[in-house]
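Structure record follows, encoded as structure tokens.
The values are calculated or read from the model by the stated rules, or taken from the named source; none is laboratory data. Just so it is clear, the structure is predicted and the values come from calculations on it, not from any experiment. Cβ coordinates were reconstructed from backbone atoms using ideal geometry, including for glycine residues, and neighbour counts include every protein chain displayed. Side chains included, ligands, DNA and RNA excluded: accessible areas come from the protein's heavy atoms. Shrake-Rupley method; radii C 1.70, N 1.55, O 1.52, S 1.80 Å.
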Amino acid sequence: MIALITAFTPFIWLQIVGGCVGIAGIVLARRAKRADYRKSLTTAIGMLCSVTGALLCFVAPVLSLVSNIALFFMTRWPLLGILFSNAASSIGRSPS
């Protein structure tokens with residue numbers, strides 16, 4: 001659950017920490033399931049939250065880096081920015 005919460009923070013270092021916590025949650029859920037098979041539902045919920053949180057925590061900084069690189073190039077070369085903005089504005093429109 002901690003990994004899910006930290007995935008939506010604006011600090012990349014905290015998202016990385018949340019991803020590591022998510023991985024630790026996966027390991028702990030697997031150990032608990034092996035120790036007592038009757039905790040299957042509880043460990044399944046814990047593993048689902050941990051996997052989702054870890055994925056969100058590790059994907060968010062990558063998407064932030066990609067968007068910052070795109071923004072850098074869009075501000076560096078105005079023509080490239082115009083091409084991207086025209087492409088983005090035409091998404092969802094039917095061709096005329």
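Within the stretch 1-39, how many residues turn out to be closer than 13 Å to Val51 by Cβ and of a type in the set (A, V, I, L, M, F, W, C)?
Of the residues in the stretch 1-39, 11 are closer than 13 Å to Val51 by Cβ and of a type in the set (A, V, I, L, M, F, W, C).
Considering only residues that are in contact with a helix residue (DSSP H, G or I) (Cβ under 7 Å, 6 or more places away or on another chain) and of a type outside the set (Val, Ile, Thr), look in the stretch 6-19 and name the one that is surrounded by the fewest Cβ atoms within 10 Å (Cβ to Cβ).
Selected residue: Leu14.
Please give the number of the condition Phe73 fails out of (1) at pLDDT 80 or above; (2) in contact with a Gly (Cβ under 9 Å, 6 or more places away or on another chain).
Failing condition for Phe73: (1).
Could you tell me which numbered condition Ile2 fails, if it satisfies all but one of (1) farther than 16 Å from Ser64 by Cα; (2) exposed (fewer than 12 other Cβ atoms within 10 Å of the Cβ)?
(2)
Which one of the conditions (1) modelled with pLDDT under 85; (2) open to solvent by less than 100 Å² (accessible area, probe 1.4 Å) does Gly22 fail to meet, given that it meets all the rest?
With respect to (1) modelled with pLDDT under 85; (2) open to solvent by less than 100 Å² (accessible area, probe 1.4 Å), Gly22 is out only on (1).
Arg31 versus (1) open to solvent by 100 Å² or more (accessible area, probe 1.4 Å); (2) within 14 Å of Phe58 (Cβ to Cβ); (3) assigned to a helix (DSSP H, G or I): which is the lone unmet condition?
(2)
For Ile45, indicate whether it is under 12 Å from Met1 (Cβ atoms) and open to solvent by less than 100 Å² (accessible area, probe 1.4 Å).
Yes, satisfied.
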